[in-house]
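Engineer: Have a look at the structure that comes next, please.
The values are calculated or read from the model by the stated rules, or taken from the named source; none is laboratory data. From a predicted model like this one, the values you see are computed outputs, not experimental measurements. Cβ atoms come from the backbone with ideal geometry, glycine included; neighbour counts cover every protein chain shown. Just the protein is used for accessible areas: all its heavy atoms, side chains included, with ligands, DNA and RNA removed. Shrake-Rupley method; radii C 1.70, N 1.55, O 1.52, S 1.80 Å.
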Amino acid sequence: MNIKKNQLIELRITDLNNLGCGVAHYPDENGITVFVKGAVTGDLVLGKIIKTSSSYLVARLEELLEASPHRADVHNGLRKSQCKAPASCGGCCYRSISYEYELELKKNYVKSAFRKAGLPDVAVGDTAHTEKVTGYRNKGQYPVREVQGRVRAGFFATKTHNLIPCEECMLQPEIFGDIVAFITDFAEKNRIKAYDEESGGGTLRHIYLRIAEKTGQIMVCLVINADKLACADKFAREVTENFPQVTSVMLNINKKNTNVILGDEFVCIGGNDYIIDELCGLSFKISAGSFYQVNRDAAELLYGIARDRAELTGKEILADLYCGTGTIGLSMADKVSRLVGVEIVAEAVECAKGNAALNGIENAYFFCGDASDTRGILASAQDNLGDFCPDVVVIDPPRKGTTEELIDYLDALCVPRIVYVSCNPDTLARDCAYFVKKGYSVGEVTPVDLFPSTGHVESIVCLKRLIQQ
């Protein structure tokens, strides 16, 4: 292959992957794949080769020779505004395309995953969405660094820890940008130094914000490289005076030399140590460290589909595995005789119990255990509730998917219906293939767009046990 770095070539883009790279093929008899960041299916571009390997090439987009009709700026799509952050931010890999095409790409991603897993006949529906493509994130995390002698916050450039100063993000509420600007100004005036990764010095590492969209309550959390903040009381007073929506002001202590944003210790310095949001007609307490879907409206859409797929009549025993703080199971509690949740994180289990009590739900039981461990799964539930065999199981595992051991266990229990919620189409398809081997049929898969402008897509499917004649 006689291809050199810095070589300029004309490329027709034929596809777009979930990392936001246009896909082309080098114009020779071998047709090696070329990835071009920022290019869109249908573009004709002039690319400069910046990386070569035996199996693929990477090119930089030097000039757009012919624009694709899928580009957002030439398409009358749903996307109303473009991000003000520079492209080097890298957070929105689909920022250049129309939203209609993004939904199509996500559907095709799911279809491709099932095809690769040996299930090409599984039906994949259109990508469900809320039509809200900006301002949907209810959580923001902004690294803080010193830039040209000033305390600045923003985002790291792709694959680096180089700060791009930028308070605004099109995926997050406008008020987040206002609060971030206030905090960096407060830090300047009160001589709070920004964290320095190289020396390990400085105090303010990150600004961490959460908003409860239905109630409007906002949590402000400063991640600090210290045991305390000297002006904590003053900060809590001034931030709540300037932003009445702020009902929780927190500190997070993180003194470790690590890329992990949050430390283990939270300290409340103003208001409550939680905010309250409403989801699926229920109220949920959101603490600084608890998991909560970042797109509330799309999560409500997702949970509604899960509830429909479960086909509940009010008589079933429902097991919610990997239940987190109980949001999915609790949204179905009024349609079952008993809800049992299993979650490995003890703090999340206590939050789930608290959320059940907050909503007056008395038929829900939550236990700490590893849902992927067949020796421990539901053991606590069985010990406390007696004989226990679920009629419907909801699983919402992490990106790595679930285990063959869990699938074997559910098969041994002869569970009639399993509703699988997934954040990774590849592991979902892999696990569904194993369910098929155990005698389950795979219903229609529905992709759900919880993360517009990014390459991520949630999926949901109901697996039904085939009746043996």
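Engineer: Could you give the length gained by full extension between E100 and K234, i.e. 0.36 nm per residue of separation minus their alpha carbon distance, to one decimal place?
Structural biologist: The span from E100 to K234 would gain 43.5 nm if fully extended.
Engineer: Can you tell me the FRET efficiency between N257 and K48 if r is taken as the Cβ-Cβ distance and R0 is 51 Å, rounded to the nearest 0.05?
Structural biologist: Step by step, r from the Cβ atoms, then E = 0.85.
Engineer: Can you say what percent of the DSSP beta bridges in the chain, counting only those with both residues inside, are antiparallel? Round to 5.
Structural biologist: 65
Engineer: In addition: Suppose each label sits 7 Å from its Cα in the direction of the beta carbon; what would the A357-A67 distance come out to in nanometres?
Structural biologist: Placing both labels 7 Å beyond Cα along the Cβ direction yields 5.8 nm.
Engineer: Given an 8 Å cut-off on Cα distances and at least 6 residues of separation, report the relative contact order of the chain as a percent.
Structural biologist: 12
Engineer: Give me the percent relative contact order of the range 150-219, please, defined on Cα pairs under 8 angstrom at least 6 residues apart.
Structural biologist: 22
Engineer: Roughly speaking, what is the stretch gain from A123 to C280, that is 0.36 nm per residue apart minus the C-alpha to C-alpha distance, in nm to one decimal?
Structural biologist: So the extension gain works out to 53.8 nm.
Engineer: Using a probe radius of 1.4 Å on heavy atoms only, what accessible surface per residue do you get for the range 291-448? Whole Å² is fine.
Structural biologist: Per-residue accessible area for the range 291-448 comes out at 39 Å².
Engineer: Next up: Rounded to whole Hz and in sequence order, give me ³J(HN,Hα) for the range 57-69 from the Karplus expression 6.51 cos²θ - 1.76 cosθ + 1.60, θ = phi - 60°, writing x for Gly and Pro.
Structural biologist: 10, 10, 10, 9, 6, 8, 8, 8, 7, 8, 7, 6, x
Engineer: Can you work out the accessible area per residue across the range 99-138, with the rest of the protein chains kept in place, probe 1.4 Å, in square angstrom?
Structural biologist: With all protein chains present, the range 99-138 gives 47 Å² per residue.
Engineer: OK, next. For an R0 of 35 angstrom, estimate the FRET efficiency from the Cβ-Cβ distance between S441 and D373 and round to the nearest 0.05.
Structural biologist: 0.85
Engineer: Also, I was wondering about something else. So how many Å³ per residue does the convex hull of the Cα atoms of the range 88-220 work out to?
Structural biologist: Value for the range 88-220: 152 Å³ per residue.
Engineer: Which of the pairs K107/K464; K48/K255; K116/K159; K159/K438 have their Cα atoms more than 31 Å apart in this structure?
Structural biologist: K48/K255; K159/K438
Engineer: Within the chain, what whole-number % of the accessible surface is contributed by carbon and sulfur, with the 1.4 Å probe and all protein chains included in the calculation?
Structural biologist: Ligands and nucleic acids excluded, carbon and sulfur reach 47 percent.
Engineer: Moving on. How much length is gained if the chain between N30 and E146 is pulled fully straight, taking 0.36 nm per residue apart and subtracting their Cα-Cα distance, in nm to one decimal?
Structural biologist: Once the chain is fully extended between N30 and E146, it gains 36.9 nm.
Engineer: Mind checking Rg over Rh on the chain, alpha carbons, Kirkwood formula for Rh?
Structural biologist: Over the Cα atoms of the chain, Rg/Rh equals 1.00.
Engineer: Taking a probe of 1.4 Å, how large is the accessible area per residue of the range 147-224, in Å²?
Structural biologist: Result: 45 Å² of accessible area for each residue.
Engineer: Could you let me know the centre-to-centre spacing of the range 387-458 and the range 6-67, using Cα atoms, in angstrom?
Structural biologist: About 36 Å separates the Cα centre of the range 387-458 from the one of the range 6-67.
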